[in-house]
1. By how many nm would the segment from I29 to A13 lengthen if fully extended, with 0.36 nm per residue of separation less the alpha-carbon distance?
2. Excluding ligands, DNA and RNA, what is the solvent-accessible area per residue of the range 161-244 at a probe of 1.4 Å, expressed in Å²?
3. Simple spin-label model, 7 Å along Cα-to-Cβ: D154 to V420 in nm?
4. Principal axes first, then extents: for the Cα atoms of the range 170-220, list largest minus smallest coordinate on each axis, whole Å, largest first.
5. Assign one of three labels to the chain, namely rounded, prolate or oblate, based on the Cα gyration tensor with a ≥ b ≥ c the square roots of its eigenvalues; rounded applies when a/c is under 1.5, prolate when it is not and a/b is larger than b/c, and oblate otherwise.
6. Could you list, in their original order, any pairs among K126/K208; K228/K314; K250/K314 whose Cα atoms are separated by more than 30 Å?
7. Compute the FRET efficiency between Y374 and E350 as 1/(1 + (r/R0)^6), taking r as their Cβ-Cβ distance and R0 = 22 Å, and round to the nearest 0.05.
8. Where the centre of each part is set by its Cα atoms, how far does the range 371-406 sit from the range 166-203, in angstrom?
Amino acid sequence: MKIRTVIYLMSGAIVVAVLSILYAANQPILDQRVAFGHGLSMPVWLTILMVSGVSMLVPLLFGLVRDLRRVFGSLTDRRRLKSQQEAEERYLMGVESMLNGREERALEHFNAVLALAPDHFEALLKGGEVLRTMRRHGEAIEYHRRAARAKEGDLRPLYSLVSDYEESGAIENAKAVLNRIIELNPKRSLTAYQKYRAILINEGAWDKAWEIQQRIEDLLAEMGRSKKQEKKYHLGIRYMLAQRLLEDGKAREAIGVLRRLARVEPGFVPAHLRLGKALASIGQPEEAVEVWEEGYQATGHPILLSTIEDHYLKEEQPRKAIEALKSALWKSKKDIIPRFFLGKLYFRLEMIDEALQEFTRMKGQVTYFPALHYHLAKIQERHGNLREAVREFETVLQQTEVLKVVYACSICARKFPDWVEYCDRCGEWNSVVVDFREERGVEELGLSTAPVYTVDSQEG
């Protein structure tokens, strides 16, 4: 027997002994009856015992209720913890299935998580992504809306909604969500602005895109971050605005914008090219050629040489075309490209010997240039040197690899230089075949051949 039990028994015995002594000394008083009315009465000692018992029973009952609540609370917590553990296990299984490309299985796991915890934020987020991948856009949108309600301060479900709306073609809804993101935190919405800009560029809304671009640049300045990555958008959007001015007949305004672009970024080829064409359109051909020549010196891009050549030939001034290309050749540190264009111009003008001279000078400077060998082959053919012409044509075939067998996936059309057993684009096995096109007969196309009537058959 435990010591505590012995102490309880001894204490109880002492209390009984004391009460017995007190009862014996005060028996006449304690035996008197207390009337409660309606003929109900009881001895004093019994009344005292009942009152004492009730006074002890009340805290005992409160304690019992408290203990029961603790027991039930503990059971509820255990069930909740078990449910949470099961939900997390199923969530991890869903993520694993998602990474392995098993969307249907992943969705089953995420739905199981939501059956256990309807507001499980990550399951709603990932489940929506899976549904979007499966092109079930309506359900994806509903999942991401629930995720947004589950965590109102988190922007991830809002960005997911933007992607849902974009892929489903609801562009206006995507814009509305982006505006909501920007309103929630204007100074930390760089990604939202960039997504908004991408939508506007796709729509060709260049005025609005330029407005957003300026906000992006201001935001980067406030954050102390570099604008280097934004330069291409700055140039591109401004360029498209200038092009629209040209389309609207506002050539002089467009020329001003294009000059600024060429000055800010000398390597921006479209600005030089379009500026020259704009000057030519308002009757300033010399200035146009000057812009193209300066553009070539700044960029080294052959499209500007080609434009100069086409301009002079259109104006029936071949000598000026030759002079312009010679000038570009003399001014260039690397003369391969301008020399080739000069030779090509000679060939185009039937100045075969001059073309051969320029191309021959190039031949030892390059290891790969199929167009060069093609022109050399044509010149040798003109001169009657068929052996040399054949040799040059063989070089063209080698460099362009036109004789090499190419393989392609029959499912997604991805090309491969060699045969492979698995296409890593579409995930199909045994789908890579030789890439060629066979002429199909009328019957294969599902069409019936029409009878041919001749004069003889009609007479018969």
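The values are calculated or read from the model by the stated rules, or taken from the named source; none is laboratory data. Everything quoted here is computed from the prediction, not taken from an experiment. Using ideal geometry, Cβ is built from the backbone for each residue, glycine included, and neighbour counts are taken over all protein chains shown. Please note that ligands, DNA and RNA were not included when accessible areas were found on the heavy atoms of the full protein model with its side chains. Shrake-Rupley method; radii C 1.70, N 1.55, O 1.52, S 1.80 Å.
1. 3.4 nm
2. Ligands and nucleic acids excluded, the result is 54 Å² per residue.
3. About 3.6 nm separates the two model spin labels.
4. Answer, in whole Å and largest first: 25, 21, 13 Å.
5. prolate
6. The answer is K126/K208; K228/K314.
7. Calculated value: 0.85.
8. Measuring centre to centre over Cα atoms gives 53 Å.
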